[in-house]
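Have a look at the structure below, then the notes.
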Amino acid sequence: MLTINNLHLTLDGIPILNGVSLDVPKGEVHAIMGPNGSGKSTLSYAVAGRDGYEPESGDITLDGENLLDLDPSERAAKGVFLSFQSPVAIPGVATMNFIRTAMNAQRQARDEEEISSADFLKVFREKAKVVGLTPEKLKRPFNEGYSGGEKKRMEMLQMAMFEPRFAIMDETDSGLDIDALKMVGDVVNDLRGPDRGFLVITHYQRLLDHIKPDRVHVLAGGRIVKSGGPELAQALEEGGYDQFTEAA
């Protein structure tokens, strides 16, 4: 599925990623945990293709295809999805039009038929209920006037609609209450399957109570310093990151 090999990336002359290697097989959910400034978001941007986050060396492949040769829209069409840590608002752009246009752009890139207005509306309403966004909220321009938690719900709505092959969740749990955390878990668990992978970036165990990962990795000093099963997240919750920063 997703393979990252010896990735190095520097921002403003400062090395951020220092040889990250990671393999997420099909059908698995992997979690990345680590202290602030360890390179977690930078890694997610590098995979998604955000401008300014081009690695100096290393490889990122999805099912053997080099993602670094593709621009962000092409990566999205291949099925890469990034849930942002701080989602943006787009004033003046209707929410449903935005999501349907994005879906059809991806379908067109894959030589698939566009989704009809009726089919889109049916699925959109079903998924909106799951993530807890009311029709009144959805009438607003995209993310305009939304709280931080509501923006995260909108991210989950998009993920549920797009059904990506590989989803990266960059601290989606930040600022969420207990009910919203459960909602995120419900969306991810509903999408889990043998041909789909997830990379969940988080600081805390609490999200992983709802999304049980197959593997947990500790990112510190710009590289993976420890990997293990779900029990590693609990060890981090109890002992903190200091136990790994010296190794980094």
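Throughout, read-outs are computed from the coordinates displayed, never taken from laboratory work. As the structure is a prediction and not an experimental result, all values here were calculated from the model. Because the Cβ atoms are built from the backbone with ideal geometry, glycine has one as well, and the counts that use them run over all protein chains shown.
Odds and ends about this structure:
- Tilt relative to the chain, helix 117-131 - C-alpha long axis, 0 to 90 degrees, to 10: 50 degrees
- Think of it as helices only: each DSSP H run of n ≥ 4 in the chain is worth -39500 (n - 2.57), and spread over all residues that comes to -11000 deg cm²/dmol at 222 nm.
- Degrees, to the nearest 10: 148-162 long Cα axis against longest axis of the chain: 80 degrees
- Charged neighbours of Thr42, selected by a Cβ distance under 15 Å, balance to -3 (K, R count +1; D, E count -1).
- Cα-based helix-to-principal-axis angle, 95-109 vs the chain, degrees rounded to 10: 70 degrees
- Environment charge at Arg165 (Cβ cut-off 12 Å; Lys +1, Arg +1, Asp -1, Glu -1): +1
- Averaging 1/r across all pairs of distinct Cα atoms in region 172-222 and inverting the result yields a Kirkwood radius of 12.0 Å.
- Neighbourhood charge, 11 Å Cβ-Cβ cut-off, centred on Leu82 and excluding it, Lys, Arg +1 and Asp, Glu -1: 0
- All Cα pairs of the chain, percent lying beyond 33 Å: 17 percent
- Each residue in Asp186, Asp170 was given a count of other beta-carbon atoms within 10 angstrom of its own, and listing them fewest first yields Asp186, Asp170.
- Pairwise centroid distance, computed over Cα atoms, of region 99-141 with region 61-92, Å: 18 Å
- For Lys40, a cut-off of 24 angstrom between C-alpha atoms picks up these lysines, skipping any fewer than 8 places away in its own chain: Lys26, Lys78, Lys151, Lys152, Lys182, Lys212, Lys226.
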